[in-house]
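Structure, as structure tokens:
The values are calculated or read from the model by the stated rules, or taken from the named source; none is laboratory data. What you see is a predicted model, and the numbers here were worked out from it, not measured in a lab. All Cβ positions, even for glycine, are placed from backbone atoms using ideal geometry, and neighbour counts span all protein chains on display. These accessible areas exclude ligands, DNA and RNA; they are computed on the full protein's heavy atoms, side chains included. Shrake-Rupley method; radii C 1.70, N 1.55, O 1.52, S 1.80 Å.
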Amino acid sequence: PWPICGSLHPHRRHLLARPFSRTETPQWGDYEIPKEFNFASDVMDHWARMEKEGKRDPLIPALWWVNDKGDEVKWNFQELGDLTRQAANVLTENCGLQRGDRLLLILPRIPDLWLLTVGCIRAGVVLLPGTIQLTARDILYRLQSSKAKCIVTNETSALAVDSVASDCPQLKTKLLVSEKSLDGWLDFKTLLKAASVDHTCVKTKMQEPMTIFFTSGTTGTPKMVLHTPGLALRSCLPSTRQVLKLTSSDISWCLSDPGWILSFVASVLEPWSSGTCSFIHQMPQFKPEAILKTLSRYPITYMTAAPSVYRMLLQLDVSSYKFPTLKHAATGGDALLPEDFEKWKKATGLAIHEIYGQSETGLTCAVPRGIKIKKGSMGIAIPPFDMQIIDEKGNTLPPGIEGEMAIRIKPTRPICLFSGYVDNPEKTSSSERGDFYITGDRGTIDEDGYIWYLGRDDDIIKASGYRIGPSEVENALAEHPAVAESAVVGSQDPLRGEVVKAFVVLTPEFRSHDPDKLAQELQQHVKKITAPYKYPRKGPLCAASKRMKVKLGSLGKPCLPYNVQHPNILGV
Ligand code: BCO
């Protein structure tokens, strides 16, 4: 039987009620787990067959890509089938990759990214997505820790890769996606054109690795979160499909960066398991106006974005735009503020449906279409997850009592939950307590099974939908000569939920420097050392010693709005 954990809450039973027909989706029911599952052959090729048989309109693209220059790509499932088989052949024949080998994929939102994603799945190559913001050092860490045999990137990140590649002996192939060519790099576009459209898709076992996501922890460097094909199978299950209720006539736009699980789930797995078009707009920078224009111009019916994106859109006059086709808005990656929900509803007439998930869990809780929305709640647990609130001993807590949000893993671990942190059994076991996987998030559950998020249970900073480990920022700061010591914390922010704030103890030679300039220098320094989204955003909050009278033994006066001040501490 399908590992439904525990009994289903009455509010979730209807999610299992109606199986979809075989035309609407590939064949799995909530209580069947196949021995083998490959998203490419079992889902993508299913829709290509439906197109051939006239059961899905081949004129509706499966991938619709646009950019700011007016370029456009539209591929239906048959075209995607051929192109992703060619991509798989490039990976196996030209790059020499075998089933189980790991590949680090760092690309902006260009169509090739989706070809390579499915190409990896076809070939059984384990995909490690990475955001385009990764620096040379981030790339080095990812290559070394994963022992990836291949890296795929564009010309910008290729320079960073080349600066560290000699320290990665296991890296055998570098594949460039660009109009130009580079010494030492294979040229993906040329190889793709020459590759055969015949490829035999790997029959992936349910326990085999499929993807690895890097995610920040409270200490040390990012951890590798391993997922099997269970993550992809989950999107095909009738219960999950009741959440978004996507159909083959929908056009779904996920704005998340391809380095994150939200993008993998909401621009690949969810739309394509429903035969839905995945829409992508590549923008060099995040521009709220451009997003509103795209929503007005293209027949997008469904959008998913982090709460900070909605908040940034709401800084503009959203009601002056018309979104004639938009039927549904969803958000994930962080908690949505009730006032943003209200503002968006007033401006567009649409509710924002919350989705909760993590790199470890994928889609976990949600407000499915059609159920009552309780503002401020991230909805109900989606089968097969049984989410409970537990105490420090692993006991479930009754409604209304605050505790840790946890997913039941005994007697059976849900197949769509991550399998563990790669090469890190201690971290894997410390994420479990009693019968549960603990998310690290705190919340409550109400009588109706709705979960209410309260915040992190650890030091992780959740800023703009990113998970940031304070030690990653502290380590980056430590490399600047001005920094004797630092402490990095999350600080509430009206736009981004939280932002990174750093308190820095200056080395003696920098104590007389202009604090504003020094703060900016430290911000730029962090942006260079590690992915820029982690840099401390708060402006200087303490003056340097020159402008203050030092009272020996005193920590100084509290500095509004912050309550830490010391002559030698610089708040960035
Ligand atoms: O604030 P600044 O402008 O000074 O700096 C920004 C960027 O300009 C800069 N930057 C970006 N790329 C750079 C670069 N600097 C140098 N070199 C580069 N290559 O660095 C800062 C980056 O901050 P940001 O990413 O927050 O940028 P921005 O433009 O403010 O974007 C705002 C958001 C809201 C679009 C962005 O923060 C965002 O995409 N957030 C959502 C993240 C997300 O998708 N999370 C989901 C994770 S998966 C999950 O939670 C599971 C859910 C099921």
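Per residue, the accessible area of the chain comes to 40 Å², computed with a 1.4 Å probe over protein heavy atoms only. Placing a pseudo-label 7 Å from each Cα along the Cα-to-Cβ vector at V505 and I373 gives an inter-label distance of 4.9 nm.
The relative contact order of the chain, computed from alpha carbon pairs under 8 Å that lie at least 6 residues apart in sequence, is 13 percent. Can you tell me the FRET efficiency between D198 and S249 if r is taken as the Cβ-Cβ distance and R0 is 41 Å, rounded to the nearest 0.05? Given R0 = 41 Å and the Cβ-Cβ separation, E is 0.85. In this structure, E32 and K52 have a Cβ-Cβ separation that, at R0 = 22 Å, corresponds to a calculated FRET efficiency of about 0.30. Couplings for region 246-255, taken from phi via the Karplus curve 6.51 cos²θ - 1.76 cosθ + 1.60 with θ = phi - 60°, read 6, 10, 6, 9, 7, 10, 10, 10, 9, 8 Hz in order; Gly and Pro are left as x.
Note on S320: accessible area approximately 80 square angstrom, rounded to 10, probe 1.4 Å, nucleic acids and ligands left out.
When both bridge partners sit in the chain, DSSP labels roughly 60% of those beta bridges antiparallel. Calculated on the alpha-carbon coordinates, the convex hull of region 143-302 measures out at 192 cubic angstrom per residue. Distance between the 7 Å Cα→Cβ label points at H513 and S163: 1.9 nm. Between S486 and V505, the built amide H atoms are under 5 Å apart, and every one of these is 5 or more places off in sequence or on another chain. Within a straight-line Cα-Cα reach of under 21 Å, K322 can be paired with the following lysines, leaving aside sequence neighbours fewer than 8 residues apart in one chain: K287, K293, K343, K345, K346. Basic side chains Lys and Arg get +1 at the Cβ, acidic Asp and Glu get -1 at the Cβ, and with that the dipole of the chain about its Cα centre reaches some 660 debye. If you take the alpha carbon atoms of the chain and fit the smallest convex hull around them, that volume is 160 Å³ per residue.
State the extension gain, in nm to one decimal, for the chain segment bounded by Q285 and D423, taking 0.36 nm per residue of separation less the distance between their alpha-carbons.
Result for the pair: 46.1 nm of gain on full extension.
Compared with the direct C-alpha span, the chain from D391 to K69 gains 110.6 nm at full extension, assuming 0.36 nm per residue.
Split the accessible area of the chain by element, probe 1.4 Å, and carbon with sulfur accounts for 51%. Applying the Karplus relation 6.51 cos²θ - 1.76 cosθ + 1.60 with θ = phi - 60° to region 469-474 yields 3J(HN,Hα) values of x, x, 5, 5, 6, 4 Hz, where x marks Gly and Pro.
Each residue, D446 and D459, gets one label point 7 Å from its Cα in the Cβ direction; the gap between the two is 3.5 nm.
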